[in-house]
Structures are given as structure tokens and as C-alpha cells.
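Data block below; observations after.
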Amino acid sequence: MHPTFAPLIGQPQAVELLLQAVRLNRIAPAYLFAGAPGVGRGLAARCFAELLLTTHPEGEIPQALRQRIQQGNHPDLLWVEPTYLHQGKRISAAEATELGVKRRSPPEIRLEQIRDVSRFLSRPPLEAPRAVVVLENAESMAESAANGLLKTLEEPGRATLILIAPSPESLLPTLVSRCQRIPFQRLGSEAMAQILHPLNPEILAHAEILALAQGSPGEAVTHWHYLQTVPADLLNRLIQLPSSLRDRLELARDIDQALDPEAQLWLIDYLQQAYWQQAQPNRLPLLETAKLYLTRYVQPRLVWEVTLMAMHSPCLA
């Protein structure tokens, strides 16, 4: 394997396809990196960008160039991620978290960002043989933004665009038809352990987290972080539900007070996995209904009260 792709674990097919394009000098104007979140699509895009932005792709990438690309300050690299609108400004999901901005809808790639891409590509590359644009979570594009990107894909100039999305079906067919698809697979247990053990070996001992991750190391880390936000006592009471209705109503109150809406949605996914492993499948539809109501902004405490009381039935307790 080319040393540039050494950090990428468990995606030999994707690496071979990208290296073959470089070796044969058949680099496509646009690529679609399709696969589940957290399996290495973003890392692969950064590694591939390193090769495309160097004048000697078959040799060792200079460390200074690699650092500039990793830090996002190369003049011929543009990394686009979904944003929120806050006080008239576009901010990333990370910035929204730092500012404590309450988010009622997911971030998206906006038409103004696609216009930024067009302006970026309107000039020739300054240092590299070609420019590189990476669109993270490309499935978040609104229709107007997707149509704007389509015009750019028709005449990208000396540039390569990389769209990162979960599947071809998540994008407009007209966009997909202009991209070479690079598939990314979910990882097996050995590759998962190879990645997760240096990060946090405790994750590997948590069956519910691994089941939720479904072969995605990034998702496993995300689920683990969510798990740390749930008080241990609260989680234990949910796993072993109290028998009295009064205690269940108090439990609903405590969930509402302890967790924000996003964490409550995650908690439902976790409980569905936990109850399934407990051979309690009858509880799963109730949790699915609760998730539906939470996404429609029904009062969370009321949602949990109704759900936990419904589980009080003898056949569901």
C-alpha cells in the first residue's frame, strides 16, 4: 500500500481504485465516496487529496505539505461541510456546539457554499497540478445547491471534486452520473479492534455500542460519547424498569431534566438495542413511536411518560 494511505484501515478496495487512478493518470473530475459514516471516507479523501496536490504522487509526500493539507490551509484545497445559519452567518456543527446554539434541524450544504466552490475553481491552481474540493455530507445539499453543483461538475476545469455521502441514492441521479463511485465497506471485528483499541479499549467490551456501530469505528466512538452523557443510575433504571407507575413517571421526569433532545433520541436507539438483547422485542415499537414524537418536537417529558407507562403492561414489563 502507498504510505499515504497507511492510516486508512479496512478499505483495500477503495485504496486500490484510487491508487490505480493516480498510477494510470486517469484521475476523474469527480468522485463519490459512498459508505456508512465513520468507516474512513473523510480520511480517505484527505489521503487522496495529498496525492493529487503533490507534483510527485509516486514519491513520499513532504511532511510540510501533509501538515498544510491536514490543517486545511493549502491554497488549492477547499473542504466544504454542512452549516447552520446563526445570526446571519454560516457556522459548522462544531462551532454551533461551542456556541451552545440550539439546533432544531440538521446542518446543510447551502447554495452560497456551492457558489464559493465555483469561485474557488474559477482560478487556476496556485501550487498544485490541480485543485481539490471535498464536500462532506454531500447528501445534506438542498435541491438548489445540488443543481448549482451540477453546473460546476459539467466543467470543473483543472480540479477534482470528492463528494462524501452514505449512498448513491442519497444524491440526485444527475450528480451521481458525473462521479466515479468509490465504495467504502463496514469493517469486520478485527479491523474494528485495530482502530478502537488504541483509542479506547473499553468500547470493545460494550456489546450494545458495537451492535449500534455496525462496523463503523467512528459511529462506535460517537455512541460511546453519548453513553457518557447519560447518568449511570438513570441508565440502570431504564434497563431494569421500576415496577410502579409512580417510579416510571419520576423516571420520565429525570430523563427530561438530564438529557437534551439529541441525547434522548440517541438513548432510544441504545434502549432498542439493549431491550432486543434482553429478549424484549415488544418494547421496540413503543420506542420507535417515541422517537417519532420527539422528532416532531412533542414535549419530551410527556413522550417518556406515555412510553414508560405503556411498558407497564404485563406483556411488556
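Coordinate-derived values only; no laboratory data. As the structure is a prediction and not an experimental result, all values here were calculated from the model. Virtual Cβ from ideal backbone geometry, glycine too; neighbours counted across all protein chains shown.
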Tell me, how many Å apart are the Cα centres for the stretch 3-39 and for the stretch 229-271? 42
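Dipole size in debye (nearest 20) for the stretch 190-310 around its Cα centre, Lys and Arg Cβ +1, Asp and Glu Cβ -1? Each step should come with its number before you reach the end.
On the way: 8 positive and 14 negative charges, 80 e Å.
About 380 debye.
Out of all DSSP beta bridges in the chain, what portion is antiparallel? Express it as a percent rounded to 5. Before the final figure, lay out each step's value.
On the way: 5 of 23 bridges.
Counting only bridges with both partners in the chain, antiparallel ones make up about 20 percent.
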From the square roots a ≥ b ≥ c of the eigenvalues of the alpha-carbon gyration tensor of the stretch 3-185, which class results: rounded (a/c under 1.5), prolate (a/b over b/c), or oblate? rounded
Could you check the spin-label model distance between S189 and L235? Points 7 Å from the Cα along Cα→Cβ, value in nm. 2.2
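Relative contact order of the chain: what whole-number percent is it, with Cα pairs under 8 angstrom and at least 6 residues apart? Spell out each step's value before the answer.
Values: 426 pairs, mean separation 59.9, N = 317.
About 19 percent, as a whole number.
About its Cα centre, what dipole magnitude does the stretch 3-185 give when the only charges are +1 on Lys and Arg Cβ and -1 on Asp and Glu Cβ, stated in debye to the nearest 20? Present the calculation step by step, with values, prior to reporting the outcome.
Values: 20 positive and 18 negative charges, 48 e Å.
Dipole magnitude for the stretch 3-185 comes out near 220 debye.
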Pair L284, L126: separation of 7 Å Cα→Cβ label points (nm): 5.4
Taking the mean number of other Cβ atoms within 10 Å as a proxy for protection, how do you rank 235-246, 150-161, 20-31 from highest to lowest? 150-161, 20-31, 235-246
Using each residue's phi in the stretch 182-191, evaluate 6.51 cos²θ - 1.76 cosθ + 1.60 at θ = phi - 60° and report the 3J(HN,Hα) Karplus result to the nearest Hz, with x for Gly and Pro. 10, x, 10, 9, 5, 8, x, 4, 5, 5
Rounded to the nearest 10 degrees, what's the angle between the helix 12-23 long axis and the longest principal axis of the chain, both from Cα atoms, 0 to 90? 20
What is the stretch 220-317 by shape, rounded, prolate or oblate, if you read a ≥ b ≥ c off the alpha carbon gyration tensor as root eigenvalues and call it rounded for a/c under 1.5, prolate for a/b larger than b/c, and oblate otherwise? rounded
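Please state the relative contact order of the stretch 190-310 as a whole percent: Cα pairs under 8 Å, 6+ residues apart? Walk me through the numbers on the way to the answer.
Numbers: 96 pairs, mean separation 28.2, N = 121.
Across the stretch 190-310, relative contact order equals 23 percent.
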Can you classify the stretch 63-159 as rounded, prolate or oblate using the Cα gyration tensor, where a ≥ b ≥ c are the square roots of its eigenvalues, rounded means a/c under 1.5, and otherwise it's prolate if a/b beats b/c and oblate if not? oblate
With unit charges on the beta carbons (Lys and Arg positive, Asp and Glu negative) and the dipole taken about the Cα centre of the chain, which residue among S244, V298, A45 sits farthest to the positive side? A45
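For K102, K291, what ranking results if the residue with the fewest other Cβ atoms within 10 Å of its Cβ goes first? The partial results should precede the final answer.
Values: K102 9, K291 18.
Going from sparsest to densest Cβ surroundings: K102, K291.
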Charges on Cβ only, +1 for Lys and Arg, -1 for Asp and Glu, centred on the Cα centroid of the stretch 154-221; of P156, V176, S216, which one is farthest towards the dipole's positive end? P156
Give me the angle, in degrees from 0 to 90, between the Cα long axis of helix 261-277 and the longest principal axis of the Cα atoms of the chain, rounded to the nearest 10. 70
Stretch gain in nm, segment R301-A93, where the contour uses 0.36 nm per residue and the Cα spacing is subtracted: 72.3 nm
